[in-house]
1. Out of residues 5 or more away from Val74 or on other chains, whose amide H comes under 5 Å of its own, with H placed 1.01 Å from N in the peptide plane?
2. Let me spell out the model: positive unit charges on the Cβ of Lys and Arg, negative unit charges on the Cβ of Asp and Glu, origin at the Cα centre of the chain. What dipole size does that give, in debye rounded to 20?
3. In terms of modelled amide H atoms, which long-range or inter-chain residues lie less than 5 Å from the amide H of Leu115?
4. Within the chain, what's the longest run with no GluC sites (Glu not before Pro) in a DSSP loop and at most 12 other beta-carbon atoms within 10 Å? Give the range, please.
5. For the stretch 18-59 and the stretch 105-145, write down the distance between their C-alpha centroids in whole Å.
6. So for Asp47, Asp112, what's the accessible-area order with a 1.4 Å probe, most first?
7. Between Asp112 and Glu84, how high is the FRET efficiency from 1/(1 + (r/R0)^6) when r is the Cβ-Cβ distance and R₀ = 35 Å? Nearest 0.05.
8. From the residues Ile68, Leu99, Val136, which one has its Cα farthest along the dipole of the chain in the positive direction, the dipole being from +1 and -1 charges on Cβ of Lys/Arg and Asp/Glu about the Cα centre?
Amino acid sequence: MTAKAESTPVKVHLKTRITIGEESDSFELVSFGRYYEKGDAIFLKYDEVQEEGTTHTIVKVTDRQALILRSGAVKMRMAFNELEEQNGSYESQLGTLLLTTKTKTLSHTQSDSKLEGDFNLSYELKMQDSPVGDYVMSIHYKEEA
């Protein structure tokens, strides 16, 4: 058994803007979660509580790629890579749907002084090969004082 990576409690501030044609919608979420590093990746784990129930989210970020895994009320896997389109999946009552992401920008910056950083992502999302919108997502995380 390998030792579990040290995790640090963080406050997570997630902002998402979705644009479909001329229409745009924004969502914000503030949650508390955990931050840890493993290999060359950083991980953020947090819960999103909505009417449908609680969704457990894991965000994995490396230099050129990211992965968002959701389980619970929503089951979804989305991968991001600036160099090529990535396939993922969304599970619904109707079965598993194919998601495709075309990453436009992906960046992660971290402050030197304390555990604080920003993860920014913009991408086009398709479901079953049909465009469903352009997404801009930013996650700010900061160690709880």
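1. For Val74, whose amide H was placed from the backbone, the distant partners under 5 Å are His56.
2. 420
3. For Leu115, whose amide H was placed from the backbone, the distant partners under 5 Å are Glu143.
4. Details: sites that count: Glu6, Glu22, Glu51, Glu52, Glu84, Glu144.
Looking at the chain, 85-143 is the longest stretch - no exposed GluC sites (Glu not before Pro) with at most 12 other Cβ atoms within 10 Å.
5. After rounding, the separation between the Cα centres reads 9 Å.
6. The residues order as Asp112, Asp47, largest area first.
7. Values: r = 32 Å, r/R0 = 0.91.
According to the calculation, E is roughly 0.65.
8. Ile68
The values are calculated or read from the model by the stated rules, or taken from the named source; none is laboratory data. Everything quoted here is computed from the prediction, not taken from an experiment. Here Cβ is always computed from backbone atoms with ideal geometry, including for glycine, and neighbour counts include all displayed protein chains. To get the accessible areas, we keep the full protein, side chains included, count just its heavy atoms, and leave off ligands, DNA and RNA. Shrake-Rupley method; radii C 1.70, N 1.55, O 1.52, S 1.80 Å.
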